[in-house]
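Taking it in order: structure first as structure tokens, then the write-up.
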């Protein structure tokens, strides 16, 4: 790990070069794409909709740890894994995949705005993650995802209600079970690494 001394003898994290963040982006992208494809294929509730979209919790975690790099990887991973590899046409997947982007961007914005700690060290942090990382973000994602699928002709408009329910409920349960646990246990470890992002990009 690269360090500088300021004051002398005191190690200080340097900002990793762009190439390192780019490598991190592609790693997170691959994880997101593969798990998204697996979830949509194995637990399909409708085209592009999984009743057990386990990757959503990891996408939120990666975004809270790695900022916008995680958010862009979430969008791209959805576009490839849950979209193209699952049979969603590219022209629909371009705007439909924003559902995953909203699902990770909302908790990121909330944590940064309220200066919450992703390690969930206080009751306030837990409340913020429950509201913005479990309930609201998945509701927005489900609304966007199901209506854009209908708009693109992938599902009928009459099927939006059931698909929305499956999407929101499944994602919320996954996030409720996994998100607090992962953040609480692993954030203190990840925060020690120079790749941990406190703002949005660095």
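The values are calculated or read from the model by the stated rules, or taken from the named source; none is laboratory data. Everything numeric in this text was worked out from a predicted model, so none of it was measured. Using ideal geometry, Cβ is built from the backbone for each residue, glycine included, and neighbour counts are taken over all protein chains shown.
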Within the bounds of the stretch 47-56, is there any residue that is out of contact with any strand residue (DSSP E or B) (no Cβ under 8 Å at 6 or more places or on another chain), at negative phi and assigned to a helix (DSSP H, G or I)? yes
One residue is enough: does the stretch 37-51 have a residue meeting the conditions within 24 Å of residue 200 (Cβ to Cβ), at pLDDT 90 or above and under 20 Å from the mean Cα position of the chain (by Cα)? no
Can you tell which of 60, 92, 72, 40 is touching a strand residue (DSSP E or B) at 6+ places or on another chain (Cβ under 6 Å) and in a helix (DSSP H, G or I)? 40
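Every residue, every condition in (1) exposed (fewer than 15 other Cβ atoms within 10 Å of the Cβ); (2) not in a loop (DSSP other than H, G, I, E, B), yes or no:
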{"site": "116", "(1), (2)": "no, no"}
{"site": "132", "(1), (2)": "no, yes"}
{"site": "138", "(1), (2)": "no, yes"}
{"site": "155", "(1), (2)": "no, no"}
{"site": "170", "(1), (2)": "no, yes"}
{"site": "177", "(1), (2)": "yes, yes"}
{"site": "183", "(1), (2)": "no, yes"}
Picking from 111, 186, which residue would you name as being under 30 Å from residue 23 (Cβ atoms) and touching a helix residue (DSSP H, G or I) at 6+ places or on another chain (Cβ under 7 Å)? 111
Looking only at the stretch 120-134, count every residue that is in contact with a helix residue (DSSP H, G or I) (Cβ under 6 Å, 6 or more places away or on another chain) and more than 15 Å from residue 63 (Cβ to Cβ) and tell me the total. 1
Condition test on residue 62, is it touching a helix residue (DSSP H, G or I) at 6+ places or on another chain (Cβ under 8 Å), crowded, with 23+ Cβ neighbours inside 10 Å, over 27 Å from residue 15 (Cα atoms) and modelled with pLDDT of 95 or more? no
Kindly evaluate residue 109 against the criterion of being within 13 Å of the chain's Cα centre (by Cα), modelled with pLDDT of 90 or more and surrounded by fewer than 23 Cβ atoms within 10 Å (Cβ to Cβ). yes
